[in-house]
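The values are calculated or read from the model by the stated rules, or taken from the named source; none is laboratory data. Computed from a predicted structure; not experimentally measured. Positions of Cβ are backbone-derived with ideal geometry, glycine not excepted, and every protein chain shown enters the neighbour counts. Heavy atoms of the whole protein, side chains included, go into the accessibility calculation; ligands, DNA and RNA do not. Shrake-Rupley method; radii C 1.70, N 1.55, O 1.52, S 1.80 Å.
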Amino acid sequence: MPDSFCGTWEIVSNINFEGYMVALGINPYLREIALRLRLRKVIEQQEDRFIIKTCSTFCNYTITFRVDQEFQEFTEGLDNRHVKSVVSWRGNKLVCEQVGEKKGRGWTHWIEEDRLHLELYCDGEVCKQVFKRK
(Lines give C-alpha, C1' and ligand atoms only; values in the text may rest on other atoms or scores of the structure.)
Protein backbone atom coordinates (compact mmCIF):
# COMPACT_ATOMS: atom_id res chain seq x y z
CA MET A 1 0.00 0.00 0.00
CA PRO A 2 1.49 3.37 -0.89
CA ASP A 3 2.21 5.58 2.11
CA SER A 4 -0.33 8.07 0.77
CA PHE A 5 -3.17 5.70 1.74
CA CYS A 6 -2.14 5.69 5.41
CA GLY A 7 -3.63 8.31 7.69
CA THR A 8 -6.96 9.66 8.85
CA TRP A 9 -9.58 10.63 6.30
CA GLU A 10 -12.94 12.43 6.72
CA ILE A 11 -15.85 11.95 4.36
CA VAL A 12 -16.76 14.81 2.02
CA SER A 13 -19.10 13.02 -0.42
CA ASN A 14 -21.38 9.97 -0.17
CA ILE A 15 -23.37 9.12 -3.31
CA ASN A 16 -25.96 6.28 -3.39
CA PHE A 17 -25.20 5.04 0.12
CA GLU A 18 -28.87 4.25 0.64
CA GLY A 19 -29.09 2.19 -2.58
CA TYR A 20 -26.05 0.21 -1.47
CA MET A 21 -27.58 -0.41 1.97
CA VAL A 22 -30.86 -1.55 0.37
CA ALA A 23 -28.88 -4.07 -1.71
CA LEU A 24 -27.30 -5.37 1.51
CA GLY A 25 -30.75 -5.76 3.08
CA ILE A 26 -30.21 -3.24 5.88
CA ASN A 27 -33.50 -2.24 7.50
CA PRO A 28 -34.96 1.25 6.90
CA TYR A 29 -34.40 2.43 10.50
CA LEU A 30 -30.67 1.64 10.42
CA ARG A 31 -30.37 3.15 6.91
CA GLU A 32 -31.84 6.41 8.19
CA ILE A 33 -29.28 6.55 11.01
CA ALA A 34 -26.37 5.59 8.70
CA LEU A 35 -27.24 8.33 6.20
CA ARG A 36 -26.72 10.98 8.91
CA LEU A 37 -23.30 9.79 10.04
CA ARG A 38 -20.04 11.61 9.36
CA LEU A 39 -17.66 8.78 8.52
CA ARG A 40 -13.95 8.78 9.20
CA LYS A 41 -11.40 6.26 7.89
CA VAL A 42 -8.11 5.43 9.55
CA ILE A 43 -5.74 3.41 7.37
CA GLU A 44 -2.60 1.85 8.83
CA GLN A 45 0.08 -0.57 7.70
CA GLN A 46 1.89 -2.81 10.19
CA GLU A 47 4.55 -4.81 8.35
CA ASP A 48 2.53 -6.87 5.79
CA ARG A 49 -0.83 -6.35 7.53
CA PHE A 50 -3.23 -3.59 6.62
CA ILE A 51 -5.84 -2.17 8.95
CA ILE A 52 -8.75 -0.06 7.75
CA LYS A 53 -11.00 1.40 10.42
CA THR A 54 -14.30 3.03 9.52
CA CYS A 55 -15.44 5.16 12.44
CA SER A 56 -18.58 7.09 13.35
CA THR A 57 -20.49 8.09 16.47
CA PHE A 58 -22.87 5.14 15.94
CA CYS A 59 -20.66 2.23 14.91
CA ASN A 60 -17.04 1.39 14.20
CA TYR A 61 -15.82 -1.33 11.84
CA THR A 62 -12.27 -2.61 11.48
CA ILE A 63 -10.91 -4.87 8.77
CA THR A 64 -7.42 -6.38 8.98
CA PHE A 65 -5.89 -8.24 6.03
CA ARG A 66 -2.82 -9.22 4.07
CA VAL A 67 -2.84 -8.51 0.35
CA ASP A 68 -3.67 -11.55 -1.83
CA GLN A 69 -4.56 -13.75 1.16
CA GLU A 70 -8.18 -14.91 1.46
CA PHE A 71 -9.72 -14.47 4.90
CA GLN A 72 -13.03 -14.96 6.67
CA GLU A 73 -14.77 -11.67 7.42
CA PHE A 74 -17.79 -11.04 9.65
CA THR A 75 -19.37 -7.70 8.76
CA GLU A 76 -20.50 -7.09 12.33
CA GLY A 77 -22.39 -3.83 12.78
CA LEU A 78 -22.86 -3.47 9.02
CA ASP A 79 -25.08 -6.22 7.61
CA ASN A 80 -23.82 -8.95 9.98
CA ARG A 81 -22.85 -11.51 7.35
CA HIS A 82 -19.98 -13.96 7.01
CA VAL A 83 -18.06 -13.58 3.75
CA LYS A 84 -14.82 -14.82 2.25
CA SER A 85 -12.74 -11.80 1.29
CA VAL A 86 -9.55 -11.24 -0.65
CA VAL A 87 -7.89 -7.86 -1.15
CA SER A 88 -5.45 -7.32 -4.01
CA TRP A 89 -3.74 -4.54 -5.93
CA ARG A 90 -5.04 -3.71 -9.41
CA GLY A 91 -2.76 -0.99 -10.63
CA ASN A 92 -2.99 1.78 -8.04
CA LYS A 93 -6.32 0.51 -6.66
CA LEU A 94 -6.81 -1.68 -3.61
CA VAL A 95 -9.68 -4.03 -4.52
CA CYS A 96 -11.63 -6.33 -2.19
CA GLU A 97 -13.86 -9.10 -3.51
CA GLN A 98 -16.28 -10.65 -1.04
CA VAL A 99 -18.01 -13.98 -1.65
CA GLY A 100 -21.07 -14.88 0.37
CA GLU A 101 -24.83 -14.54 0.44
CA LYS A 102 -24.88 -11.33 -1.64
CA LYS A 103 -23.63 -11.33 -5.24
CA GLY A 104 -21.11 -8.94 -6.73
CA ARG A 105 -20.05 -7.60 -3.36
CA GLY A 106 -16.82 -5.75 -2.55
CA TRP A 107 -15.05 -2.41 -2.54
CA THR A 108 -12.25 -0.45 -4.19
CA HIS A 109 -10.00 2.21 -2.62
CA TRP A 110 -7.72 4.55 -4.54
CA ILE A 111 -6.10 7.97 -4.27
CA GLU A 112 -6.85 10.63 -6.83
CA GLU A 113 -5.11 13.97 -6.37
CA ASP A 114 -5.39 14.54 -2.59
CA ARG A 115 -8.60 12.53 -2.05
CA LEU A 116 -9.26 8.95 -0.98
CA HIS A 117 -11.98 7.38 -3.10
CA LEU A 118 -14.04 4.36 -2.11
CA GLU A 119 -16.54 2.48 -4.23
CA LEU A 120 -18.72 0.02 -2.36
CA TYR A 121 -20.69 -2.39 -4.51
CA CYS A 122 -23.26 -5.10 -3.98
CA ASP A 123 -25.79 -6.75 -6.26
CA GLY A 124 -25.50 -4.05 -8.96
CA GLU A 125 -25.66 -1.05 -6.59
CA VAL A 126 -22.59 1.21 -6.31
CA CYS A 127 -21.94 3.75 -3.56
CA LYS A 128 -19.21 6.32 -4.23
CA GLN A 129 -17.54 7.95 -1.24
CA VAL A 130 -14.78 10.55 -1.22
CA PHE A 131 -12.61 11.42 1.78
CA LYS A 132 -10.14 14.23 2.48
CA ARG A 133 -7.08 13.85 4.69
CA LYS A 134 -7.62 15.14 8.20
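Quick notes on this structure:
- D48 paired with V99, simple spin-label distance in nm, labels 7 Å along Cα-to-beta-carbon: 2.2
- Cross-link pairs K102/K128; K53/K134; K102/K134; K84/K134; K93/K134; K41/K103 - those with Cα-Cα distance over 23 Å: K102/K134; K84/K134; K41/K103
- Checking every one of the GluC sites (Glu not before Pro) in the range 78-130 against DSSP loop status and a limit of 13 other Cβ atoms within 10 Å picks out E101, E113.
- Mean separation of Cα contacts under 8 Å (6+ apart) over length of the range 7-133, as relative contact order %: 26
- When you filter the GluC sites (Glu not before Pro) in the range 1-85 for DSSP loop state and at most 13 other Cβ atoms inside 10 Å of their Cβ, you are left with E47, E70, E76.
- Taking every alpha-carbon pair within the chain, the share separated by more than 25 Å comes to 19 percent.
- In the context of the full set of protein chains, residues of the range 7-133 present 56 Å² of accessible surface per residue (probe radius 1.4 Å, heavy atoms only).
- Backbone N under 16 Å from the V22 label point (7 Å along Cα→Cβ), restricted to the range 101-134: 121-128
- Efficiency of FRET between R133 and F58 - r from beta-carbon atoms, R0 22 angstrom, step 0.05: 0.45
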